[in-house]
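Notes follow the structure.
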Amino acid sequence: MFLKIVKGTTIVDATDTLNYVRENPRNKALISCEAILANGIVSTDGTTIWHLEGCPKFTKGSYETVKVEEVCEDEYNSIREALKTGETVDEEVRAQLTTTEMMEKLDLVMKQNEELKAEVSELKQKLAAK
């Protein structure tokens, strides 16, 4: 499973495995845990901890809230590549680009369809002439 981690409208990470953490109730230290007990998650590079939307808030410290969404492998690879280069990956911009790319592909398919129709018409004329 491939996942993107989103803070607001910005994609901040992508992973295929989530590392969950929770506060130890005795000393408030953060410890690794199962998803059901989690307050948050750790970034793939291990440098950032986020509060996970829908989980109990941490009682100590200040952690930004993120949400996790499943993505296809191609999107995951694209996000990872963009994040490696330090590029900011904004959800709204990404959606707009995706829409633009889809429209360009649709235009291409429609053009190819017209070309095929012309070829079929030409072949029909040749067959009728025989």
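Scan the range 1-57 residue by residue and report those that are among the basic types (Lys, Arg) and more than 18 Å from ASP90 (Cα to Cα).
ARG22, ARG26, LYS28, LYS57
What tally of residues in the range 37-55 results from selecting those that are more than 15 Å from LYS7 (Cβ to Cβ), among the hydrophobic types (A, V, I, L, M, F, W, C) and either surrounded by 17 or more Cβ atoms within 10 Å (Cβ to Cβ) or not assigned by TED's automatic domain parsing to the domain that holds LEU83 (or both)?
Going through the range 37-55 one residue at a time, the tally reaches 1.
Are any residues in the range 56-76 surrounded by fewer than 10 Cβ atoms within 10 Å (Cβ to Cβ) and over 8 Å from the mean Cα position of the chain (by Cα), and if so, which ones?
Scanning the range 56-76 gives THR59, SER62, ASP74.
Can you name the strands (runs of 3 or more DSSP E) wholly within the range 1-115 that have at least 2 residues being of a type in the set (A, V, I, L, M, F, W, C) and modelled with pLDDT of 90 or more?
2-7, 10-15, 30-32, 40-42, 49-52, 65-71
Only residues in the range 1-26 that are touching a residue at least 12 places away in the same chain (Cβ under 8 Å) count as the first member; pair them with residues that are of a type in the set (D, E, K, R) and crowded, with 16+ Cβ neighbours inside 10 Å, Cβ under 7 angstrom, at least 6 apart or cross-chain, and list the lot.
Hits for this filter: ILE5/ASP13; ILE11/LYS4; ALA14/LYS4; ALA14/ARG80.
Could you please find all residues in the range 53-81 being in contact (Cβ under 8 Å) with a residue 24 or more places away in the chain and under 20 Å from ASP16 (Cβ atoms)?
VAL66, LYS67, VAL68, GLU69, GLU70, VAL71, CYS72, GLU73, GLU75, TYR76, ILE79, ARG80, listed by residue number.
Tell me which residues, restricted to the range 52-74, are over 16 Å from THR9 (Cα atoms) and not basic (Lys, Arg).
Residues satisfying the conditions are GLY54, CYS55, PRO56, PHE58, THR59, GLY61, SER62, TYR63, CYS72, GLU73, ASP74.
Determine whether GLU34 is among the charged types (D, E, K, R), in the same structural domain as TYR76 (by TED's automatic domain parsing) and out of contact with any strand residue (DSSP E or B) (no Cβ under 6 Å at 6 or more places or on another chain).
When the stated conditions are applied, GLU34 passes them.
Looking only at the range 19-32, count how many residues are buried (at least 16 other Cβ atoms within 10 Å of the Cβ) and not aromatic (Phe, Trp, Tyr).
4
The values are calculated or read from the model by the stated rules, or taken from the named source; none is laboratory data. Since the model is a prediction, treat every value here as computed from it, not as a measurement. Neighbour counts are summed over all protein chains in view; Cβ atoms, including those assigned to glycine, are modelled from backbone coordinates with ideal geometry.
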